[in-house]
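Before any comments, here is the structure.
The values are calculated or read from the model by the stated rules, or taken from the named source; none is laboratory data. No experiment lies behind these values; they were computed from the predicted model shown. Positions of Cβ are backbone-derived with ideal geometry, glycine not excepted, and every protein chain shown enters the neighbour counts.
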Amino acid sequence: MRGMTKPGQIVNVMKEERCFPPPAEFAAKARVGSLAEYEALWNEANHDLEGFWGKAAHELHWFKPYTKVLEWNEPFAQWFVDGQTNVSYNCLDAHLSSPRRNKPALIWVGEPGDVRIYTYQMLHREVCKFANVLKGQGIEKGDVVALYMPMVPELAIAMLACARIGAIHSVVFGGFAAEAIAERNRNAGAKLMITADGGWRRGRQIALKANVDAALAKSPTVQKCIVCRRTGSQVAMQPGRDLWWDELMEQAPADCPAVPLDSETPLFILYTSGSTGKPKGILHTTAGYNLFAKKTMEWVFDIRDEDAYWCTADIGWITGHTYVVYGPLTAGATSFMYEGAPDWPHRGRWWEMVEKHRITILYTAPTAIRACIQWGDQWVDKYDLSSLRLLGSVGEGINPEAWMWYHRKIGRERCPIVDTWWQTETGGIMMTPLPGAIATKPGSCTKPLPGIVPQVVGKDHQPVSAGAGGWLTIARPWPGMLRGIWGDDARYKLQYWSQVPHKYLCGDNARCDEDGYYWIMGRIDDVLNVAGHRLSTIEIESALVSHPAVAEAAAVGRPHEVKGESVAVFVTLSSGFEPTEALRQELKGHVRKEIGALAVPDDIHFTVALPKTRSGKIMRRLLRDIAAGRETAGDTSTLEDHSVLARLRAEEE
Ligand code: WT7
């Protein structure tokens, strides 16, 4: 085992020595083109944080200049005090006086194959009209508008229309059920709801409006509901409450100037699940969020006017907010958007679209990459992926072998991979390799962006030494940081600012190696404690995934009389492999060889599917209960597919 650790620290057992320098051709053209340039930027920001962000903020449009960059009353931040700007203006109007006016802002593909393209000018017009629709329905600055929609352009249009007039949007992912919508509506005090008659998913229609009807019966603050036509299916319209999007738009004037808004005007609420109990409404505001979205978009994706950039995330998640809508549009990029499932009508659908639309940058999640590996290379090999120049990953740690597959199969060993670590709370990317500047190591999110100061601390709240695991904290405020939990300051303080004094506690474990590279080790709550050694989930899982038979793995602790906890793992197999006792023994031997005896699982459960959140993260909390033979406790509303739990239980019998 590597390194000496103090009690309470997490042992690092992952061995990863591969390192990939930025391709010379990429670095030559990149905004940040060398390690020295990156370090100079980071040092500049660290030396004078306010000066650094203050200078960057000149890139936004200001109706009224700010007088102070940061007002920090821990844990409450105000960025760009006294200034007035407008996110919708920065995303749209700002480009209309340049040749970008006629450039595609959105290229949208529906699951059935329909395509719609909006230039900046066209998108501006739609947003202005819809902002007038909202005003016509009595929506004013500070009102909350709830959005429950498929991945259609109207979702982005509605968000930008809210931003234009100072209304606050609350997007609820289209996979949530009525009760979850209603709970969020009540918590936010939403006044208006926007939905669609349906959406397409694997050739079937998702009945969004029916869910909304059930939700609105329990959402007393919602007065009106605007329904966008997508599938053309029959829906019940409640007279006096429900209105058709297209009918309202027909009458709406196209003139609607962006309202000058104070920097800290709330922009949106986005609910994220706590590990237990009721969802937290993460609050983001106007100027700081917008600036952070723009700068991270430019640094991390090195975005250029000629790019066809595709972030596959649903807009219902923070990744979609920041990197489908606000980041790309503020940066004047072309954002590609797809409505449907990656495996419909066939498992090569994504790669077919990459070929057809000559996608240059692809940003997706490890769960999708692992699914593609499981489906087999033949789906990828059929298509020409030579347009790609940069790949990204987000949402979970990416196991080094999945990283290698992404690098070889999708990137054809030409494209840098940006493994981006961040959270709903951080608003934008915090740590990632700048693709022209920082050499990548599979499984590491590498280094912090300029202005971001991470620190790994031990139980004594002091920074730990290189190589040792501990709690990941952020030591200084940044413009994209959450401004609070909607309506619950006490929970905001308790959750993020009470355990480690004066630092933002993000809830992940991490370690920083001798080269200053960060390795995320998983959620604090998921740590295993075997015979006094604290092990992280990702390391055991990555060892398993490096075996050809294993497609996905989840490691959890199970109570053990002697060791405290023993390691239990749940694995799904790649196509062509059978769950046998011989394979079970082989996998144990593999973990012993890769990590050591300490991490060898006592139990290996073969399963056909792992329980995941609707955003694709493995829910280890539920597996812990199953491994221990307990009833599953706690909130399961974020579980994507409830039948997975039932199946896991059946497999145990
Ligand atoms: C949590 C945040 C970031 C937007 C999408 C998810 C995990 C996220 C990585 C990564 C390892 C990662 C962390 C984090 N996570 N990205 N690159 N490597 N872990 O946002 O739902 O708020 O989840 O996702 O545990 O805290 P979110």
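Observations, loosely collected:
- Candidate set: segment 21-54, residues that are among the small types (Gly, Ala, Ser) and part of a helix (DSSP H, G or I); chosen: the one surrounded by the most Cβ atoms within 10 Å (Cβ to Cβ): ALA45
- Scanning segment 445-459 finds no residues that are more than 18 Å from LYS15 (Cα to Cα), part of a helix (DSSP H, G or I) and at pLDDT below 95.
- Counting only strands (runs of 3 or more DSSP E) that fall entirely inside segment 517-586 and contain at least 3 residues that are crowded, with 24+ Cβ neighbours inside 10 Å, in contact with a strand residue (DSSP E or B) (Cβ under 8 Å, 6 or more places away or on another chain) and on the phi < 0 side of the Ramachandran plot, the qualifying elements are 550-560, 564-573.
- Test: residue in segment 469-485 that is closer than 21 Å to GLY395 by Cα, without any contact (Cβ under 8 Å) to a residue 40 or more places away in the chain, outside the structural domain of ILE269 (by TED's automatic domain parsing) and not in a loop (DSSP other than H, G, I, E, B): yes
- Candidate set: segment 125-156, residues that are in a helix (DSSP H, G or I), within 26 Å of the chain's Cα centre (by Cα) and not hydrophobic (A, V, I, L, M, F, W, C); chosen: the one nearest to ARG186 (Cα to Cα): GLU154
- Qualifying positions in segment 140-186 - among the β-branched types (Val, Ile, Thr) and in contact with a His (Cβ under 9 Å, 6 or more places away or on another chain): VAL144, VAL145, VAL171
- Residue count, segment 318-336 (criterion: within 20 Å of the chain's Cα centre (by Cα) and more than 16 Å from the ligand (Cβ to nearest atom)): 7
- Counted residues, segment 164-205 - those being under 20 Å from HIS321 (Cα atoms) and aromatic (Phe, Trp, Tyr): 2
So that you can scan it fast, the table gives a plain yes or no per residue for (1) farther than 27 Å from GLU298 by Cα; (2) within 11 Å of the ligand (Cβ to nearest atom); (3) among the small types (Gly, Ala, Ser):
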{"position": "THR440", "(1), (2), (3)": "no, no, no"}
{"position": "HIS461", "(1), (2), (3)": "yes, no, no"}
{"position": "LEU482", "(1), (2), (3)": "no, yes, no"}
{"position": "ARG491", "(1), (2), (3)": "yes, no, no"}
{"position": "ILE520", "(1), (2), (3)": "no, yes, no"}
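- Filter pass, ALA308 being crowded, with 24+ Cβ neighbours inside 10 Å, over 22 Å from VAL171 (Cα atoms) and more than 16 Å from the ligand (Cβ to nearest atom): no
- A Cβ distance below 7 Å, combined with a sequence gap of six or more or placement on separate chains, defines the contacts here; from segment 418-430, residues that are assigned to a helix (DSSP H, G or I) reach residues that are modelled with pLDDT of 95 or more and more than 6 Å from the ligand (Cβ to nearest atom) in the pairs THR424/LEU270; THR424/ILE282; GLU425/ILE282; GLU425/LEU482; THR426/GLY480; THR426/MET481.
- Scope segment 619-640; condition modelled with pLDDT of 85 or more and closer than 20 Å to ALA180 by Cβ; matching residues: MET619, ARG621, LEU622
- All conditions but one from (1) touching a Gly at 6+ places or on another chain (Cβ under 6 Å); (2) within 15 Å of the ligand (Cβ to nearest atom) apply to GLU339; the one that does not is (2).
- From the list VAL354, VAL300, the one residue that fits, being within 16 Å of the ligand (Cβ to nearest atom) and either farther than 30 Å from ASP381 by Cβ or in a helix (DSSP H, G or I) (or both), is VAL300.
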